[in-house]
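The structure appears below as structure tokens.
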Amino acid sequence: MRKTIIAGNWKMNKSLSDGLSLFSEIKEMVHDEVHTDVEIVINAPFIHLAPLNRLLGSSKIRLGAQNCHYESEGAYTGEISPVMLASIPVQYVVLGHSERREYFNETDELLKKKTDAALSAGLTPIFCCGEPLEVREAGKHVEYVTRQLEASIFHLPAEKFSQLVIAYEPIWAIGTGKTATAQQAQEMHAAIREFLQSQYHDAAQNISILYGGSMKPDNAGELLKMDDVDGGLIGGASLKSRDFVNIIKSV
Ligand code: PGA
């Protein structure tokens, strides 16, 4: 069974106190207003995660990080390992976000190692893929994205692959206010699923594929009703409690 997942990606936003306030607002609204079994995830900055975990109480919200190292421990000044994240505990980690690929030179090979490490620590990677505008305009987006997936996750055995969540985020739609149309999203998600099926057969039917890129309360409903869109990875709109909860409610 495919899980429907709405995941916020706070990126590098919010002081600790502002993050805790935002989380408390979301938690309260989710408690009062969300009665479906959608999986809600907040991918917060590292320093927020342990305090957020203490605020969780009986809330069904899950926590995630936005990155991790590929080693469990060692002399890697400034890094955070998946084992450390699991010890908080958090359940998810975003890997391969286009901002990390672009600004921090994260390669397919590095992401392969991070994916392995996250899975070994018991975390669920939200593995991101997506094409830049010029690739989309050249009509090569399916090829581009399937190559990203092949390079970083196709080495996984089926039972490990089944623990992943995929997020398709066209780079031209991230933070730009320009959303892919529901048809463009569906087309791409179906192509991704078909590609995953070539390697993983039935397991590909059960993988959640999230859409990311300027998802907001007023376009979420249309995107989320597409057959192969199993949720969203939400940046800007996840920083406003009302918007984020309204997106969850549009599932
Ligand atoms: P956005 O970001 O919703 O602000 O476009 C999405 C993401 O980068 O995950």
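The values are calculated or read from the model by the stated rules, or taken from the named source; none is laboratory data. Bear in mind the structure is a predicted one, so any value in this text is a computation, not a measurement. Cβ atoms come from the backbone with ideal geometry, glycine included; neighbour counts cover every protein chain shown. Remember, those area values only see protein heavy atoms, side chains included, never the ligands or the DNA or RNA. Shrake-Rupley method; radii C 1.70, N 1.55, O 1.52, S 1.80 Å.
List of remarks:
- Rounded to the nearest 20, the size of the Cβ-charge dipole of the chain about its Cα centre is 460 debye, with Lys and Arg at +1 and Asp and Glu at -1.
- Kirkwood Rh, Cα atoms: Rg over Rh of the stretch 53-175: 1.00
- Structure remark: mean-square fluctuation, Gaussian network model of the chain, C-alpha springs under 10 Å; the largest value among ASN105, ASN206, ASN43 belongs to ASN105.
- Probe 1.4 Å, all protein chains present, accessible-area order of TYR76, TYR92, largest first: TYR76, TYR92
- Among PRO157, VAL245, ALA121 - extreme Cα towards positive end, dipole of the chain, charges at beta-carbon: VAL245
- Förster radius 41 Å - calculated FRET efficiency between THR176 and LEU56 (Cβ-Cβ, nearest 0.05): 0.80
- Using only side-chain charges placed at the Cβ, +1 for Lys and Arg and -1 for Asp and Glu, the dipole size of the stretch 1-117 relative to its Cα centre rounds to 140 debye.
- Per residue, the accessible area of the stretch 96-217 comes to 42 Å², computed with a 1.4 Å probe over protein heavy atoms only.
- Segments 219-231, 138-150, 156-168 sorted - mean Cβ within 10 Å per residue, highest first: 219-231, 156-168, 138-150
- Share of carbon and sulfur in the accessible area of the chain stands at 50%, probe radius 1.4 Å.
- Proportion of all alpha-carbon pairs of the chain beyond 29 Å (%): 23 percent
- Per-residue SASA entry for HIS48, accessible area with 1.4 Å probe, Å² rounded to 10: 0 Å²
- Debye-sum result for the stretch 101-170 in log10 I(q)/I(0), which assumes one identical scatterer on each alpha carbon, at q = 0.24, 0.26 Å⁻¹: -1.11, -1.24
- Kirkwood Rh, angstrom, the stretch 136-251 [1 / mean 1/r, Cα pairs]: 14.6 Å
- Packing-based ranking, highest mean first, of 234-244, 120-130 given that Cβ atoms within 10 Å are counted: 120-130, 234-244
- A helix-only calculation puts the chain at -13000 deg cm²/dmol for mean residue ellipticity at 222 nm, using -39500 (n - 2.57) for each DSSP H run of at least four residues, averaged over all residues.
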